[in-house]
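The values are calculated or read from the model by the stated rules, or taken from the named source; none is laboratory data. The model shown is predicted, which means the values in this text are computed figures rather than measured ones. Neighbour counts are summed over all protein chains in view; Cβ atoms, including those assigned to glycine, are modelled from backbone coordinates with ideal geometry.
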Amino acid sequence: MNTSERLPQLMDPDAPAFSISVAAALADMHPQTLRTYDRLGLVVPSRARGGGRRYSPRDVGKLRLIQHLSHEEGINLNGIRRIIDLQSELDETRHRLDELASLVRQFAEQRETMAPRVFAAGSSGYVAQGRRPRRPLALPGS
């Protein structure tokens with residue numbers, strides 16, 4: 001479970017809700033550290049109309065992860081960037097896999113509900129619909 005999942009899910013996790021001072025307090029960091037992370041591309045918040053940074057709950061979770069990896073695990077910022085990139089790639093791959101699994105399930109359900117059908121046309125142009133026989137039909141003269 002990543003740190004953003006531990007935040008209360010009362011709002012959209014990607015909603016730009018927190019100013020830099022609030023986000024810094026939530027992440028137990030100095031606002032200047034958040035500015036540095038923004039400059040380095042580690043956590044890039046959205047911008048308000050006046051240009052102020054606005055952090056989402058997901059951003060705060062990422063800041064907490066960076067704090068943990070840096071202080072508790074002793075990982076440098078380049079290592080943290082690589083971890084975050086790999087986590088994003090993994091999340092995206094899982095999302096695509098879920099979408100593909102859903103499509104496969106939908107296809108299987110549709111296939112089960114659709115009975116194989118056979119159409120036959122007479123010399124007058126009449127078309128008749130029937131079910132596919134369980135065993136092959138014997139051809140005339142065989």
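Structure notes:
- Region 61-72 residues that are without any contact (Cβ under 8 Å) to a residue 24 or more places away in the chain, paired with ones that are of a type in the set (A, V, I, L, M, F, W, C) (beta carbon under 7 Å, 6 or more apart): LEU69/ILE75; LEU69/ILE80; LEU69/ILE83; SER70/ILE80
- Flag for ILE66 being surrounded by 11 or more Cβ atoms within 10 Å (Cβ to Cβ) and not in a helix (DSSP H, G or I): no
- Of the set (1) out of contact with any strand residue (DSSP E or B) (no Cβ under 7 Å at 6 or more places or on another chain); (2) β-branched (Val, Ile, Thr); (3) modelled with pLDDT of 95 or more; (4) within 23 Å of ASN78 (Cβ to Cβ), all apply to VAL60 but (1).
- Unique residue being surrounded by 17 or more Cβ atoms within 10 Å (Cβ to Cβ) and either touching a Gly at 6+ places or on another chain (Cβ under 7 Å) or charged (D, E, K, R) (or both) when the list is ARG54, ARG35, ARG47: ARG54
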